[in-house]
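The values are calculated or read from the model by the stated rules, or taken from the named source; none is laboratory data. Predicted, not measured: the structure shown is a model, and the values here were computed from it. Because the Cβ atoms are built from the backbone with ideal geometry, glycine has one as well, and the counts that use them run over all protein chains shown. Note: areas computed on protein heavy atoms with side chains; ligands, DNA, RNA excluded. Shrake-Rupley method; radii C 1.70, N 1.55, O 1.52, S 1.80 Å.
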Amino acid sequence: MAGEGAAASAAAAEVAADWRDGWRGGELLGAWEAVRAGAVAPALAALSRVCLAMSAMLLVEAVFLAAASHARRRPERRYRADPLGGGGAHDDGEDEEAGLLGYPMVLVQIPMFNEREVYKLSIGAACGLSWPSDRIIVQVLDDSTDPTVKDLVELECKFWANEGKNVKYEVRNTREGYKAGALKEGMLHAYVQRCDFLAVFDADFQPEPDFLMRTIPYLARNPQISLVQARWEFVNPNECLMTRIQKMTLDYHFKVEQEAGTAGVWRISAIKEAGGWDDRTTVEDMDLAVRAGLKGWKFVYVGDVKVKSELPSNLKAYRRQQHRWTCGAANLFRKMGAEILLTKEVSFWRKLYLLYSFFFVRKVVAHVVPFMLYCVVIPLSVLVPEVTIPVWGMVYIPTAITLLYAIRNPSSIHFIPFWILFENVMSFHRTKAMFIGLLELGSVNEWVVTEKLGSSTNTKPISQILERPRCRFWDRWTMSEILFAAFLFFCATYNLVHGGDFECIYIYLQAITFLIVGTGFCGISNS
């Protein structure tokens, strides 16, 4: 009897414990549902509306850029570009009086920092430009801290000087201002005062011999033009999937957006009028172009003139490059917003274009939407049934934007799915960099030179999409991406288990991409 009583007591205690656990579980579930309905759902719905509005902005901007690019006439139809040397079909004597119909003095600046793998390529290409040797100065601005590299660069300059080229090897005692600081100090030398135009090439850029012959005429014959921008061509686009994706993005950038950057030729008087090189941000070329534009100067993009350069094939190098570009552009927006608004030298429509289209949509919204909408709001919406993302925001708008990109890269259309997923991962880092630039946080002026491997057109394509890095896993893992992948896996699994729509397919794919990138199985690893 005693044993039966003890067993009954134990059973009753177990039932009571189960009832208490169930009650507590139900209580917790009820509390979560109350908080979700009262606070989480309204906040997520508001964030969703903001992201959808910004997504619509991106679509309008993409349509506008596509239409403008299609309607834009070729530069040789808008501006005079007769060959130099006299005897042009439209010579009227004015340019000859200015001393520009012959061969004006050109300065070529090549800033570099510990560029062991590529210094010969850029110096050799600059010295190989087809231009009278007495009308060109090649200025190598070497900020290298590695004494061996410094000696090699100086030796290369001496080699070309012995070949009859006018090469100036310039060094500084400090890296203050980084690339912009080097360019600025390079302009202070006495021999620069003899020059009319300035061509700037990064250390991995290789212009074709006829580069100056095809760009200088626009400047020499059209006094309102301050910059002639060439198109970048890449020596290693097939090195891995990551470089293919970069090529797609940059091809669209040059075909449609046509912004100023390196591999361009400047009118030196325009540089001086705009205030010269400035090291206040990490995008010194964009900074100078915006200031020159506010002074009324015009720019010309010549897509037929291509300059070879190298795409970063190492994931860490690519992350750092994107941080520098994104953070610098956002920081420039912060610094120049009021100046653009208050200037009286440009029209209202030009101000609107710069503030809304160029800066806000392309430098802020374009980074926020891919991350916040497609990597945060949509995954969270499967956990919060009170919030529904309309199909036009999830499907129609991104599809339309993607098609506008795809028609500019028809040969790479089969890479579009990989491009979307990878760009969403990179938007995670770009969004962070954008806020650092806008708010001027600690690493706003961080400058890490993009690692270059000296890739050439003879580089053999890598057959595999993923490569096992030859380094310890803790050196290549990025925990923020891995943790975000775990969050996406949870959301996708919840959606799958609870019989939601088909969002789980996309979320699973995005989670896998975050995991691949976060564990370093992306790009080419070099020990």
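Calculate how steeply helix 41-71 sits against the longest principal axis of the alpha-carbon atoms of the chain, using the helix alpha-carbon long axis, and give the answer as 0 to 90 degrees to the nearest 10. Roughly 30 degrees between the two axes. Centroid-to-centroid, using Cα positions, the range 272-306 and the range 354-381 are 26 Å apart.
About the centre of its Cα atoms, the chain shows a dipole size close to 600 debye [charges on the beta carbon of Lys, Arg (+1) and Asp, Glu (-1) only; nearest 20 debye].
Of the Cα atoms belonging to the range 152-223, the radius of gyration and Dmax stand at 14.4, 40 Å. Ranking F422, S226, V167 by how far each Cα lies toward the positive end of the dipole of the chain (charges on Cβ) leaves S226 at the top. Looking at the square roots a ≥ b ≥ c of the eigenvalues of the Cα gyration tensor of the range 304-349, which shape do they give, rounded for a/c under 1.5, prolate if a/b is larger than b/c, or oblate? It is oblate, given that a/c is not under 1.5 and a/b is not larger than b/c. Computed over all pairs of different Cα atoms, the Kirkwood value for the hydrodynamic radius of the chain is 26.0 Å. In the chain, the DSSP beta bridges split such that about 30 percent are antiparallel, to the nearest 5.
Of the accessible area of the chain, computed with a 1.4 Å probe over protein heavy atoms only, carbon and sulfur atoms account for 60 percent.
The calculated FRET efficiency for F159 paired with A190, based on their beta-carbon distance and R0 = 22 Å, is about 0.35. Across all directions, the shadow cast by the convex hull of the range 285-361 built on its C-alpha atoms averages 6.4 square nanometres.
Peptides 436-449, 111-124 ordered by packing proxy, namely the average of other Cβ atoms within 10 Å per residue, highest first: 111-124, 436-449.
On a per residue basis, the chain carries 47 Å² of accessible surface, using protein heavy atoms and a 1.4 Å probe.
In order along the range 278-294, the phi-based Karplus estimate (6.51 cos²θ - 1.76 cosθ + 1.60, θ = phi - 60°) of 3J(HN,Hα) comes to 10, 9, 6, 9, 9, 10, 4, 5, 5, 4, 5, 5, 5, 5, 5, x, 5 Hz; Gly and Pro are listed as x. Kindly state, to the nearest 0.05, the FRET efficiency for F435 paired with S480, given R0 = 22 Å and r defined as their beta-carbon distance. So the FRET efficiency works out to roughly 0.95.
Looking at the range 323-378, the pairs of alpha carbons with a distance over 14 Å make up 59% of the total.
Projected label points at I413 and L496, each 7 Å from Cα along the beta carbon direction, are separated by 3.1 nanometres. On the basis of the beta-carbon distance and an R0 of 45 Å, T174 and E27 show a calculated FRET efficiency of 0.10.
Each of V377, T215, Y356 was placed along the dipole of the chain (beta-carbon charges, centred on the mean Cα), and the one lying farthest toward the positive end is T215.
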